[in-house]
């Protein structure tokens, strides 16, 4: 069974993660993992924290000679900003003036009541999106497992505020990464940057939409047998588990509700002896299972709740009206959220992929994949005359 865990606070000593269930003998490219961590730190509209951190993975267990051992993989990413706030955040001696004014839209208030914390810092430190650095790290490891099976994941920013990009059915990831807002259309990029600048000047924040595309997923990942096994539910649940995400759509998403059936589904046809589809309105998933088409996921991200022009709130200790707490923050995280979205999709895909193909070593997994493809290819092959 594949599973993962993360631990760590935003300004604590480090973030820690565990991957349990990866096959043995998967060769890891550490530089690629660090490059992915650096991608998460980029994007127009990020705050001053990104100038402090230089995220790099450190392996603690489960890897030897750059290959997985089949045992749990444990990794660490240090928080450089910890040294600036050690007095507040030291695990043993940390102390300081409590934060008392919850931010609308953040975990502060609900978390304080749930965990009976009088200092909101004890909630917001774990709720902070800094934790996603570890998800990206773990997702970058999973990417190398999935890519060994031919499965690749990429993303682009479709919307920031009221600026909407043209639909990009085909896009170069290099062009996406060359853009400060992770959108390769230059006219759209300029408008998105201007919108972020305007929000910053107003002390406000912006949300938006990013799109994740997964190519190379074999037919039949996921299942219609039980609700928790449906691949669209698995992927949507993983993405909804991200900070700031408020909606996930697969394929046409909400737009499918306004269409008749004749314009909602993907017709079958035969071409060069194989079965093809005329479109990909389903976003690569039908009946809770991958159908061989690219998986396309559209993810809506709310504006982050820390505004430099603070929203109205209350002081929970004094029971008085007060402005919400202001901490160092970003104006727009949508470009970085796309990187986290890629990681969440990768983390969510590993379990159903291993459920179908199994394998205690990567060699065994690949062998199982090969045999499954051969069996699927022969399933509808016409019988020869006389056989």
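Could you state the principal axis extents of the C-alpha atoms in region 57-205, from the largest down, to the nearest angstrom?
In descending order, the Cα extents are 51, 51, 29 Å.
What distance in nm lies between label points placed 7 Å from Cα along the C-beta direction at residue 255 and residue 302?
Placing both labels 7 Å beyond Cα along the Cβ direction yields 2.6 nm.
Give me the extension gain from residue 310 to residue 175: residue separation times 0.36 nm, minus the current Cα-Cα distance, reported in nm with one decimal.
In short, 45.0 nm is gained.
Over all alpha-carbon pairs in the chain, figure out the percentage whose distance exceeds 30 Å.
When all Cα pairs of the chain are counted, 45 percent exceed 30 Å.
Calculate, in nm to one decimal, what residue 27 and residue 228 gain on full extension: separation in residues at 0.36 nm each, minus their alpha carbon distance.
Length gained between residue 27 and residue 228: 69.3 nm.
Once a ≥ b ≥ c are taken as the square roots of the eigenvalues of the Cα gyration tensor of region 142-203, is the result rounded (a/c under 1.5), prolate (a/b larger than b/c) or oblate (a/b not larger than b/c)?
Prolate shape, in that a/c is at least 1.5 and a/b is the bigger ratio.
When N is the residue count of region 118-161, what does its C-alpha Rg come to as a fraction of 2.2 N^0.38 Å?
Compared with the compact-globule rule of thumb, region 118-161 sits at 1.71.
Evaluate the Kirkwood expression for the hydrodynamic radius of region 64-129, namely the inverse of the mean inverse distance over all pairs of different C-alpha atoms, and round to one decimal in Å. Write down the numbers at each step before the final one.
Working: mean 1/r = 0.0691 Å⁻¹.
Hydrodynamic radius (Kirkwood, Cα pairs) of region 64-129 is 14.5 Å.
Rounded to the nearest 10 degrees, what's the angle between the helix 231-240 long axis and the longest principal axis of the chain, both from Cα atoms, 0 to 90?
Rounded to the nearest ten degrees, it is 10.
Between the helical axis of 334-357 and the dominant principal axis of the chain, each derived from Cα atoms, what acute angle in degrees is found, rounded to the nearest 10?
40
Rounded to the nearest 5, what % of the DSSP beta bridges within region 254-358 are antiparallel ones?
100
Using only Cα atoms, find the angle between the long axis of helix 362-379 and the longest principal axis of the chain, and express it within 0 to 90 degrees, rounded to the nearest 10.
50
Taking only the alpha-carbon atoms of region 118-275, what semi-axes of the equivalent ellipsoid follow from 5 times the gyration tensor eigenvalues under a square root, in whole Å, largest first?
Rounded to whole Å, the semi-axes are 31, 23, 18.
Sort 147-158, 206-217, 301-312, 78-89 for me by packing, meaning the mean count of neighbouring Cβ atoms within 10 Å per residue, highest on top.
Ranked by mean Cβ neighbours within 10 Å, highest first: 206-217, 147-158, 301-312, 78-89.
Hey, any idea what the orientation-averaged projected area of the convex hull of region 259-387's Cα atoms comes to, in nm²?
On the way: hull surface 65.1 nm².
If I average the Cα hull's projected area over directions, I get 16.3 nm².
GNM, the chain, Cα, under 10 Å: largest mean-square fluctuation among 73, 57, 327?
Among 73, 57, 327, the largest mean-square fluctuation in the Gaussian network model of the chain belongs to 327.
Restricting attention to the alpha-carbon atoms of region 25-113, what are Rg (one decimal) and Dmax (integer), both in Å?
Rg and Dmax of region 25-113, Cα atoms, are 17.8, 50 Å.
Values in this text are rule-based calculations from the coordinates and carry no lab data. Quick caveat: nothing in here was measured; it's all calculated off a predicted structure. In this analysis, Cβ positions are derived from the backbone assuming ideal geometry, glycine residues included, and neighbour counts consider all displayed protein chains.
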